[in-house]
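The values are calculated or read from the model by the stated rules, or taken from the named source; none is laboratory data. Since the structure is predicted, the reported quantities are computational estimates derived from the model, not experimental observations. Here the Cβ is made from the backbone with ideal geometry for all residues, glycine too, and neighbour counts use every protein chain on show. Surface accessibility is based on the protein's heavy atoms, side chains included, excluding ligands, DNA and RNA. Shrake-Rupley method; radii C 1.70, N 1.55, O 1.52, S 1.80 Å.
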Amino acid sequence: MNWRIAADTGGTFTDCHALDPEGRESRCKVLSTGHLRATWQAESLSGLPPLPNGLLRGFSIRSLTHPESRQIVQHDENGQIALNSPAPAEWHAGALVELFTGEEAPVLGARILTNTPPGAAFPPMQLRIATTRATNALLERKGSRIALFITQGFGDLLQIGDQRRADLFALRHEPRPTFHELSCEVPERISVDGEVLTPLNEAAVRTSALDAIAKGITTAAVCLMHGHAHPAHELRVGEILRECGFTHVVLSHQTAAFAKLLPRAQSTVADAYLHGPVQSFLNAIRSVSPAMQVMTSAGGLKTADDIRPKDMLLSGPAGGAIGAANFARRLGFDQIITLDMGGTSTDVARIAGRPGYRFTQDVAGMKLLAPSVHIETVAAGGGSICRRTHHGLAVGPESAGSHPGPACYGKGGPLTITDVNLLLGRFDPAKAPIPLDVNAARARLRELHDGTQSEEELLHALLRLAVEHMTDAIRRISIGEGYDPADHALLAFGGAGPQHACAVAESLGIRTILVPQHAGILSAVGLQEAIPERIEEKEYRMPLSEFLSHGTHESHGSHETHIAELRLRGQDTPLQVEYQNAHDLPRLYHEAYQRLFGYPPPANREIELVSLRTIIREEVRCSRFSASDERPQSTLKCEQRTQSL
């Protein structure tokens with residue numbers, strides 16, 4: 001048996017969980033920048049987790065305030081080190097230093113867990129990765145330069161969007177963000193029935209392609225009118241672009257084969273835009289484990305070659321939802337609300353047995369057609385910045401991330417919720433994964449303090465704001481969908497979730513709180529437990545009665561989940577219904593409609609089937625972290641801590 005390592009790279013920390021060839025469990029946390037943090041003590045380091053002899057040999061080391069670095073040439077398990085040259089005079093005793101190898105955080109985590117110093121070969125391992133790298137690249141606009149090839153007349157579609165305003169009453173509206181550098185209109189048109197109305201002008205496509213190549217753009221997104229159903233023109237445009245020298249071409253019918261040109265175009269552009277940074281990240285890790293698997297936003301596993309960047313946007317939170325569902329099931333809870341509070345944001349989900357799904361995501365002002373676990377994200381993490389605005393106190397949405405990080409990280413960062421919890425004595429800094437500077441956090445608090453209340457009152461006010469952000473998100477995925485949060489248990493995890501669980505539960509009337517032993521790395525544990533799966537999708541847009549008349553439509557196994565999107569004819573937005581036998585769909589739709597709106601659907605309105613999706617999971621046997629195993633695992637040491645409020 002090889003090593004099995006799961007690494008979840010978040011906005012601040014990367015959580016790693018491992019099983020060695022004998023099945024023994026280990027874990028670690030590293031900064032997502034790929035650094036370890038320690039305190040310099042004159043040829044020794046403190047504040048690091050226990051590390052075996054020689055592991056740090058070959059690491060580089062530098063002060064947080066001084067850019068000059070040294071290399072560690074000797075290291076023992078007591079933290080004593082020797083450097084390749086004398087330390088700079090600026091490295092005074094007690095200074096914070098960071099250690100790094102230049103590798104991505106999951107590789108650094110694997111190095112620590114397997115005790116593999118730089119330069120040594122890794123043991124055989126199966127590596128699983130979940131990451132927010134795709135989301136961060138989209139939000140920070142750090143993607144590839146791309147050209148959009150779209151049907152003539154729609155070149156400005158993504159600038160216009162659906163004409164909704166992000167802030168309806170704002171006096172000044174910012175332009176809608178776009179992610180393609182060049183828009184190339186393609187003379188062609190195919191009707192909804194597949195009739196060629198305007199033949200494809202290949203010469204015009206070739207001219208536009210060569211113009212884009214001359215500008216240094218070698219990545220293209222192709223989205224043509226009705227291309228999802230009739231892809232002949234898209235396929236030919238793709239061939240021409242590759243002939244002209246494009247290195248990566250994304251076709252909309254292969255990315256999001258559904259009607260509605262705008263979200264299909266946005267999904268295609270996002271996938272092409274994210275290709276560069278995502279492949280760079282995956283390639284840097286693939287050298288360690290060529291057969292590594294990557295978690296999708298829907299909670300499945302794919303190889304690095306098969307996964308699409310747009311399907312990775314929520315891969316980390318999906319691992320948390322899987323871990324939470326499995327933990328709750330082992331304890332006999334089938335109705336839970338999760339509270340996953342990390343360094344950058346908080347993710348919440350309502351789980352009834354297993355996580356639910358949604359098939360569109362709103363990210364960076366775009367509606368993307370990408371399956372994901374049904375999770376609501378709010379910008380209220382440990383790194384959320386606390387500040388004053390002209391409206392008063394505010395927490396988030398900006399985050400300090402891992403660089404510079406909260407003020408207590410000692411890199412000049414702002415006051416954050418992590419600092420608030422530290423100053424209120426809500427956690428022991430000696431048990432933090434990195435050394436913390438309490439004085440730096442207190443200095444930032446004094447900058448925010450205006451004298452109208454005591455410092456302690458100010459800290460509690462900031463904490464209440466963060467809790468309110470989290471409870472609002474839970475109300476949206478529970479009350480907003482017809483469910484009472486008081487009928488659920490609250491399962492808190494993440495680096496800061498359990499700290500705030502009681503306040504959140506009290507606000508929502510929840511009386512049971514569950515905290516797993518692996519609360520700090522539950523997303524990585526869920527990644528270990530995940531199983532490969534695929535999603536088959538088909539759009540119908542036909543009367544439900546007509547679909548049902550074509551024959552029986554029953555589930556073919558317990559490893560399949562069937563989801564239908566249904567709506568009343570003439571409506572735009574469908575409701576999702578999970579089913580086993582398709583003939584139950586009319587009844588299930590009526591129940592979902594009644595629960596959401598409080599009254600039944602009109603009896604004289606026809607129900608329309610929009611689409612069907614089937615999630616097919618592989619059957620896994622004899623896996624120590626199998627999601628299909630109903631018994632509590634000894635390695636998980638499942639514990640229930642219940643508090644009555």
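Any chance the stretch 237-253 includes a residue that's open to solvent by less than 70 Å² (accessible area, probe 1.4 Å), among the small types (G, A, S) and under 29 Å from the mean Cα position of the chain (by Cα)? Talk me through it step by step, then tell me what you get.
From the stretch 237-253, those open to solvent by less than 70 Å² (accessible area, probe 1.4 Å) are 237-238, 240-241, 244-246, 248-253; that's our starting set.
Remaining after also requiring among the small types (G, A, S): 238, 245, 252.
Then drop every residue that is not under 29 Å from the mean Cα position of the chain (by Cα), which leaves 252.
Yes, the conditions are met somewhere in the stretch 237-253.
Scanning the stretch 451-461 for residues that are hydroxyl-bearing (S, T, Y), in a loop (DSSP other than H, G, I, E, B), out of contact with any His (no Cβ under 9 Å at 6 or more places or on another chain) and open to solvent by 20 Å² or more (accessible area, probe 1.4 Å) turns up at least one hit.
Which count do you get for residues in the stretch 382-409 that are within 21 Å of V30 (Cβ to Cβ) and either surrounded by 24 or more Cβ atoms within 10 Å (Cβ to Cβ) or modelled with pLDDT under 85 (or both)?
Initial filter on the stretch 382-409 (within 21 Å of V30 (Cβ to Cβ)): 382-383, 399-409.
Cutting the leftovers down to either surrounded by 24 or more Cβ atoms within 10 Å (Cβ to Cβ) or modelled with pLDDT under 85 (or both) gives us 382-383, 399-403, 405-409.
Number of matching residues: 12.
For the stretch 508-535, a residue qualifies if it is open to solvent by 20 Å² or more (accessible area, probe 1.4 Å), of a type in the set (S, T, N, Q) and at pLDDT below 95, and exactly one does: Q517. Evaluation of I607 against the conditions (1) modelled with pLDDT of 50 or more; (2) in contact with a Lys or Arg (Cβ under 8 Å, 6 or more places away or on another chain); (3) open to solvent by 40 Å² or more (accessible area, probe 1.4 Å) shows that the sole unmet condition is (3). The residue that is farthest from the chain's Cα centre (by Cα), counting only those in the stretch 346-357 that are open to solvent by 30 Å² or more (accessible area, probe 1.4 Å) and either at pLDDT below 90 or closer than 19 Å to K302 by Cβ (or both), is G353.
Once the stretch 133-166 is narrowed to residues that are touching an Asp or Glu at 6+ places or on another chain (Cβ under 9 Å) and part of a loop (DSSP other than H, G, I, E, B), the residue that is nearest to L113 (Cα to Cα) is R145.
Restricted to the stretch 548-571, and to residues there that are open to solvent by 90 Å² or more (accessible area, probe 1.4 Å) and modelled with pLDDT under 90, the residue that is nearest to the chain's Cα centre (by Cα) is S558.
Each row is one residue, and each column tells you yes or no for (1) under 20 Å from E104 (Cβ atoms); (2) touching a Cys at 6+ places or on another chain (Cβ under 7 Å); (3) buried (at least 23 other Cβ atoms within 10 Å of the Cβ); (4) of a type in the set (K, R).
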position	(1), (2), (3), (4)
T268	no, yes, yes, no
D271	no, no, yes, no
L274	yes, no, yes, no
V288	yes, no, no, no
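Taking the criterion of being surrounded by fewer than 24 Cβ atoms within 10 Å (Cβ to Cβ) and in contact with a Pro (Cβ under 7 Å, 6 or more places away or on another chain), the residues of the stretch 361-374 that qualify are A364, G365, K367, L369, H374. Does at least one position in the stretch 318-327 carry a residue that is more than 23 Å from H562 (Cβ to Cβ) and open to solvent by 20 Å² or more (accessible area, probe 1.4 Å)? No: zero hits. Inside the stretch 594-603, residues that are more than 12 Å from E481 (Cβ to Cβ), surrounded by 10 or more Cβ atoms within 10 Å (Cβ to Cβ) and in contact (Cβ under 8 Å) with a residue 12 or more places away in the chain make up a count of 1. Of R133, R145, which residue is open to solvent by less than 90 Å² (accessible area, probe 1.4 Å) and within 27 Å of the chain's Cα centre (by Cα)? Going through R133, R145 in turn, the sole match is R133. Return the only residue of P106, P117 being touching a His at 6+ places or on another chain (Cβ under 9 Å) and either outside any strand (DSSP E or B) or on the phi > 0 side of the Ramachandran plot (or both). The conditions single out P117. Scan the stretch 170-200 residue by residue and report those that are touching a residue at least 24 places away in the same chain (Cβ under 8 Å), in a loop (DSSP other than H, G, I, E, B) and of a type in the set (G, A, S). Once the filter is applied, which keeps residues that are touching a residue at least 24 places away in the same chain (Cβ under 8 Å), in a loop (DSSP other than H, G, I, E, B) and of a type in the set (G, A, S), the stretch 170-200 yields S191, G194. Going through the stretch 156-182 one residue at a time, which ones are modelled with pLDDT of 85 or more and open to solvent by 100 Å² or more (accessible area, probe 1.4 Å)? Listed by number, the list holds a single entry, E181. In the stretch 194-211, of all residues being small (G, A, S) and exposed (fewer than 13 other Cβ atoms within 10 Å of the Cβ), the one that is nearest to the chain's Cα centre (by Cα) corresponds to G194.
Going through (1) at pLDDT below 90; (2) in contact with a helix residue (DSSP H, G or I) (Cβ under 6 Å, 6 or more places away or on another chain) one by one, I434 falls short only on (2). The set of residues from the stretch 298-307 being crowded, with 21+ Cβ neighbours inside 10 Å and under 19 Å from G276 (Cα atoms) comprises just one member, I307.
Beta carbons closer than 9 Å, at least 6 apart along the sequence or on distinct chains, pair a first residue in the stretch 401-414 that is touching a residue at least 12 places away in the same chain (Cβ under 8 Å) and more than 13 Å from G381 (Cβ to Cβ) with a second that is buried (at least 23 other Cβ atoms within 10 Å of the Cβ) and among the aromatic types (F, W, Y) for H403/Y409. Are any residues in the stretch 201-241 part of a strand (DSSP E or B) and over 19 Å from F258 (Cα atoms), and if so, which ones? Correct list: T219, A220.
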